[in-house]
Amino acid sequence: EYQYRGPDCSLAALQALLLDINAEIFSWGYIENSDRPTGACAASIAWIIDHQMHVLHSGDTCVWLHREGTCKTLTRSHTSTDGCLARYFGQPAMECELHTLPLRDGDQILMSSDGILSAGVSNFLLAE
């Protein structure tokens, strides 16, 4: 169980927790007779504190910001040309994409899995 219990409620503490989680997933090893990891996880985390949103992202999930009638994609898909995850939790050296932005009254945040993206919803949202 990974739950932050310390007094440090900072972005650095969250990043350290995510690195610990990545190391745990990586420690599961590889599928027998392959170079494929036993564990791999895509994730987008939106942490909002004091009207600031910090988005940490690795994989093919997505975060959008809807502000004043416009929808903007905040993350990009970390997939290779053959559609496999290129960046994810469970790698030896995981990298998180990080975005920090101020939030305004009326902002809406949408987070989704890769299934929503593959269904073409992102094109609909961006066209709205």
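The values are calculated or read from the model by the stated rules, or taken from the named source; none is laboratory data. In this text, all values refer to a predicted model and were calculated from it rather than measured experimentally. Counting neighbours? That spans all protein chains shown, and the Cβs are built from the backbone with ideal geometry, glycine included. What goes into the accessible areas is simple: the full protein's heavy atoms, side chains included, and nothing from ligands, DNA or RNA. Shrake-Rupley method; radii C 1.70, N 1.55, O 1.52, S 1.80 Å.
Ignoring ligands and nucleic acids, what accessible area does CYS9 show with a 1.4 Å probe (Å², nearest 10)?
Result for CYS9: roughly 90 Å² accessible.
Place the peptides 59-67, 102-110 in order of packing, highest mean first, counting for every residue the other Cβ atoms within 10 Å and averaging per peptide. Could the numbers behind the result be given before it?
Details: 59-67: 20.2, 102-110: 11.6.
Order by mean packing, descending: 59-67, 102-110.
Calculated FRET efficiency, GLU97 and GLU32, Cβ-Cβ r, R0 41 Å, to nearest 0.05? Numbers along the way, then the final one.
Details: r = 32 Å, r/R0 = 0.77.
The value I calculate is 0.80.
Let me check against my output: what whole-number percent is the relative contact order of the range 59-117, with C-alpha pairs under 8 Å and at least 6 apart?
Details: 78 pairs, mean separation 27.2, N = 59.
Averaging sequence separation for qualifying contacts and normalising by length gives 46 percent for the range 59-117.
Per residue, how much accessible area does the range 36-108 show when a 1.4 Å probe rolls over the protein heavy atoms, in square angstrom? All intermediate terms of the calculation are to be shown ahead of the outcome.
Numbers: 3930 Å² over 73 residues.
Solvent-accessible surface per residue comes out at 54 Å².
Of all the accessible heavy-atom surface of the range 1-83, with the other protein chains kept in place and a 1.4 Å probe, what percent is carbon and sulfur?
Numbers: 2700 of 5140 Å².
Looking at the range 1-83 in its full context, I get 53 percent from C and S.
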